[in-house]
Amino acid sequence: AQSSAIVIDPYTGDVLGVVGARGEKTANRVQNFATMTKRPPGSAIKPLAVYTPALEKGLLTWATVLDDIPHSYVEENGKLVAWPRNSTRTYRGLINIAYALKVSTNTVAVKLLEQVGLKNAFDFCYNNLNMKSMIEYGEFSDGTGYSDIGLASLALGQLNYGVTVREITAAYSMFINSGIYSEPNSYLTVTDSSGKVLLENNYSGEVVISEETASIMNMLLESVPRTGGTAAS
């Protein structure tokens, strides 16, 4: 098993620390699991691709209520089963958005994503949050097409290849930074032996959501560990 971590200053985009793999580093130019490896983010994508765009479009408020029931039924091993399943394998009926995010309800995320629009959600993550590992459209060698513009991809985080820890951490920086996305950077300046500046990384921030949306998302996300939500465990 492997793990990684990255710490980014949300106000400047400066990368303050990186753990690229487990254990002591014993070689150079090896795989960095925090910046190079792409993995499906699972429910960590819901605040980015679903809840935030929905708030920006005025589709929900803190108190919005949606029905936690199956979105549809699909055939599995010769019988129809409910989709999507929640982690508890149960459905709760009418619940508000705060509770839905707290317990990471899959059905509510899928239904809300449909209201936001698949392309709108994808474009927000890809263009505004610079999650360039996501795929608008690609083809396998046999000509079969694939895309991350889908319900399972954007509402449940089942991306074809995934995103990096660096990408998703930078995306979350907009919440604490009043709606400003800070482009992550690993260096400030690079100079030669005489002090001549060869590379310079100036701060690059962009307003991607309103300060009001950022504030509401902060409150929603803070309630998860405070009240023992699914993501807290």
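The values are calculated or read from the model by the stated rules, or taken from the named source; none is laboratory data. None of these values were measured; they are calculated from a predicted model. Glycine gets a Cβ as well: all are built from the backbone with ideal geometry, and neighbour counts include every protein chain shown. The area values use the complete protein model at the heavy-atom level, side chains included, leaving out ligands, DNA and RNA. Shrake-Rupley method; radii C 1.70, N 1.55, O 1.52, S 1.80 Å.
Mean sequence separation of contacting Cα pairs (under 8 Å, at least six apart), scaled by the length of the stretch 175-224, corresponds to a relative contact order of 47 percent. Taking each residue as 0.36 nm, the span from Tyr203 to Gln115 lengthens on full extension beyond its C-alpha to C-alpha distance by 28.2 nm. Given +1 at the Cβ of Lys and Arg, -1 at the Cβ of Asp and Glu and no other charges, the dipole of the stretch 107-233 around its Cα centre is 280 debye to the nearest 20.
Rounded if a/c is under 1.5, else prolate if a/b is larger than b/c, else oblate: which is the stretch 152-221, with a ≥ b ≥ c the root eigenvalues of its Cα gyration tensor? Verdict is oblate for the stretch 152-221.
Charges were assigned to the Cβ only: +1 to each Lys and Arg, -1 to each Asp and Glu. The resulting dipole of the chain about its Cα centre is roughly 720 debye. Element breakdown for the chain at a 1.4 angstrom probe: carbon and sulfur atoms account for 51% of the accessible area. For the stretch 73-192, the square roots a ≥ b ≥ c of the C-alpha gyration tensor eigenvalues yield an a/c of 1.5 or more together with a/b not exceeding b/c, which makes the shape oblate. Mind running the shape call on the stretch 32-132? Use the C-alpha gyration tensor, a ≥ b ≥ c as the square roots of the eigenvalues: rounded below 1.5 for a/c, prolate if a/b tops b/c, oblate otherwise. Oblate. Spin-label pair Asn127-Arg226: with each label point 7 Å from Cα along the Cα-Cβ axis, the two points sit 3.5 nm from one another. The mean sequence distance of close C-alpha pairs (under 8 Å, at least 6 residues apart), as a share of the length of the stretch 80-175, puts its relative contact order at 25 percent. The mean sequence distance of close C-alpha pairs (under 8 Å, at least 6 residues apart), as a share of the length of the chain, puts its relative contact order at 26 percent.
Cα-Cα over 25 Å: which of Lys57/Lys119; Lys57/Lys111; Lys25/Lys46; Lys25/Lys102? Beyond 25 Å: Lys25/Lys46; Lys25/Lys102.
Mind putting a number on the dipole of the stretch 8-98 about its Cα centre? Charges go on the C-beta only, +1 for Lys and Arg and -1 for Asp and Glu, and I need it in Debye to the nearest 20. Result for the stretch 8-98 is approximately 320 debye, rounded to the nearest 20. Out of these labelled values of semi-axes √(5λ) of the Cα gyration tensor in Å, [x] 28, 22, 17; [y] 33, 22, 17; [z] 33, 18, 15, which was calculated from the coordinates shown here? Step by step, semi-axes √(5λ) of the Cα gyration tensor in Å for this structure corresponds to label [y].
Extending 7 Å from Cα along the Cβ direction at Leu80 and again at Ser186 yields two label points whose distance is 5.2 nm. Inter-label distance, Ser3 to Val65: 4.1 nm, where each label sits 7 Å from its Cα along the C-beta direction. When the Cα positions of Val110, Gly162, Leu59 are compared along the charge dipole of the stretch 57-179, Leu59 comes out farthest toward the positive end, with charges on each C-beta of Lys, Arg, Asp and Glu.
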